[in-house]
Amino acid sequence: MKTSLIHKIILILAVLFLPAVVFAYQIDIAADNLEYDQNCGKISAKGNVVFVWEDRTVSADYVEFIIEEKVMRAYGNVKVDEGGNAVFANSVEYYYDEEKGEINETLGYSAMVFMRSRKMDRIDKNAYSINNITLSTCDLDHPHTYFKAKKGKIVLGERITIYNPILYVGKVPVFYLPIVTKSLKGGSGFSTGLSFTVEPGYTSEGGFSLKTTAAYGFSESMNLKAMLDYFGSRGIGYGGEFNYFTPTARGSIYAYNINDNSTGTERWTVRPYYWQRINNEWTIQSQAEFISDTSFNNYYNQDDWERTLNTLHSYFSLTRQDKNGNLMMLAERYDTYSEDGYEPTMIALPQINYSYYPKKIFFGMTHNFDLTYRNEYREYDPYNNPGNFFYKNTAGLTYNLSKDFRFGRRFTLKPSVGFIENWYDKDNTGITNHNFVTRYLASLNSRLRVNRWMDWNVNYAIRARSAENSLDVDSQNNDYGIETNLLSFTNYMYIGSRTTVRNFVSYSFRDFRYSDPSRWSPFITELTYTPKYYITAYVRQSQLLEPFKFQSMQMDVKIGELEKAYINFGAFYQNYEDASLIYRSHEVDNTFGFGVWLNPKWRLDYNIRTTATLDFKYIRLNDHEFRLYRDLHCYNLGLTWRIRGIYHEVFFKFDLKTNMPFSRQKADEQYREEEDIFYPWR
């Protein structure tokens, strides 16, 4: 039974008004039994004790206050709630005058971190020194992985830091660090602490392989990865990656190197990237691509979408954006691969672009313009005569003037006129000839709301090119100086709230001196069907009109959610007109995949891409990937079997979980670079 109200009042009066004034704190206490021994000046509370002082809440089996010594001791199932953190302990001793004390045999939990310590000594209001500490993201009494150190410091609600810790996997020490620190304010567990990945496997190109990655997060915004890989007969590769991210700046650099024994060459890549917002208007951004050969990613960086790189793009830009327009100053470089490796084929320094946003001027008319200047260092005739470079300066002005005319609520007419003025000081062979070329633009766009479920869009556009250094149209050229003369029609239909149909076709009025023009574009029909948020079907069909002939068909169906369970299917058929590709006219490219949690611990994913003839006389396997994932509480274990053409590999992936407890219930989680926090089976 809880202490009666009269006992609580008597106890509070005793604490406040005894001759020693006790501790000069008002303490509200509740317990099954309260006793005050006036002879020795001790207050004892037993059974379900709970007391509060200075925003601290302490609960225990037994608590005693010794007035003369000004000390409080708590024993048995002690819990201290302080600074937004809960600490469990066997015993607590606290001296009020000195505002110091110790907590013995502690267990604490905050911001996905579990802390176990033999003793904590209070050194400040919310700060404690900690001794013989174990730090882990595992919630078990005997964690699978943990850091162990003799000394450390914790500021409740702020940060925990331990010194000279050793990382243990089970009872095996595997790694030493001079310091480990972790914020107690929440956030992603991925970017802080040490994690590692081990991937033993076999590849058709080198035999047995072993990939290892160690990552450490210095803070919530900074992390570093180191990679050391063995590729069998190919050799040993190593690399690193550094990432930095804040709301106003982000940067990364990735580098990898291997002396490939199979090719007898050194293969490598370096990729730095940086972006920073200087203030509300100015930003800087840069990127560079350096790589030894075009097929490097096929073997050593298969996570990159660009499996073959024939062209490298590097740049640095300074951008100013305000309510009126956008100014960009840019330096960029393109390198193209040849027999002698990558060579620069175009360097622009400087390039200046300014875009003025559309603004109304008078009579409801809207205008906008773009200005550009570019100094290019470019290669002349790179295929037949490579290595000859020259500078070429270009400048341009694009101006548009338009106005919307509305006729009722259903019909809108928008005429537009403009011009493009281009200047360059050399032609493409490097011969100096300061030339101006003018292009005249005009268009008329109409939009008709036929009814509530159908819209028609009809657009006519014409663009004429002048002769060099003249305002007259270049009528002596093969195309008579007419670059565009096109009438297009688009039909939109909204069937219910889940189905959209789009039809598109155009007719060209252009003529040529030496060839017959192609008038009609293919008639394209697109259908998008989304009966549920987790079901999407897309169909695209293209039909030639002259001659009237089926051209292509594409279909994609997706059912489910990637992080839960899904099925996807795709097919593409193309009737090739090019004689060199006519042999593929009876082929269909297919994709099929599914993924599912077999139970709360097991995940299965399977994806395949094939090419087959319409009569199924043969089926060619292009990509084939099977993944199996097992949740092991503190670890992730995966198996991947991958085939790409003649290349195939199989490997296991074992790594530490980067956040506990593991959660996959994040249907609306936005894709991030560190998405393997949520989808480690990929």
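The values are calculated or read from the model by the stated rules, or taken from the named source; none is laboratory data. All values derive from a computational prediction rather than experimental measurement. Backbone-built Cβ (ideal geometry, glycine too); neighbour counts: all protein chains shown. Calculation scope for accessible area: heavy atoms of the full protein, side chains included, ligands and nucleic acids excluded. Shrake-Rupley method; radii C 1.70, N 1.55, O 1.52, S 1.80 Å.
Just the protein heavy atoms count here, and of the accessible area of the chain at 1.4 Å, carbon and sulfur take up 57 percent.
Volume of the convex hull of the range 455-523 (Cα atoms only), normalised per residue: 93 Å³. Hey, how much of the P(r) for the range 145-245 falls beyond 19 Å, as a percent of Cα pairs? Counting every Cα pair in the range 145-245, those more than 19 Å apart make up 54 percent. Computed from the C-beta positions of residue 449 and residue 32, the FRET efficiency with R₀ = 56 Å rounds to 0.15. Grab every C-alpha pair in the range 257-341, bin the distances at 10 angstrom width from 0 up to the longest one, and report whole percents. That works out to 15, 37, 24, 17, 6, 1, in percent per bin. A compact globular protein would have a Cα radius of gyration near 2.2 N^0.38 Å; the ratio found for the range 427-569 is 1.51. Remark on residue 338: its backbone amide H falls under 5 Å from those of 343, a criterion applied only to residues 5 or more positions apart or on other chains, H modelled at 1.01 Å from N. The figure for residue 115 is an accessible area of roughly 10 square angstrom, using a 1.4 Å probe on the protein chains alone. Helix 5-17 and the longest principal axis of the C-alpha atoms of the chain enclose an angle of approximately 80°. The sum of -39500 (n - 2.57) across all DSSP H runs of n ≥ 4, divided by the residue count of the chain, sets its helix-only mean residue ellipticity at 222 nm to -500 deg cm²/dmol.
Computing Rg and the Kirkwood Rh from the Cα coordinates of the chain gives a ratio, Rg/Rh, of 1.09. Amide hydrogen proximity for residue 576: with H placed 1.01 Å from N in the peptide plane, the residues at 5 or more positions away or on another chain lying under 5 Å are 585.
Find the accessible area per residue for the range 408-557; the probe is 1.4 Å, ligands and nucleic acids are left out, and the unit is Å².
Numbers: 8960 Å² over 150 residues.
Ligands and nucleic acids excluded, the result is 60 Å² per residue.
How many Å² of accessible area per residue for the range 192-280, probe 1.4 Å? Present the calculation step by step, with values, prior to reporting the outcome.
On the way: 4450 Å² over 89 residues.
Heavy-atom SASA per residue in the range 192-280 reads 50 Å².
Projection of the Cα convex hull of the range 520-601, averaged over all directions and equal to a quarter of that hull's surface, yields 7.5 nm². With the whole protein complex present, residue 641 retains an accessible surface near 110 Å², based on a 1.4 Å probe. Excluding same-chain neighbours fewer than eight residues apart, the aspartates and glutamates reachable from residue 564 by a Cα-Cα span under 15 Å are 605, 631, 668, 669, 675, 676.
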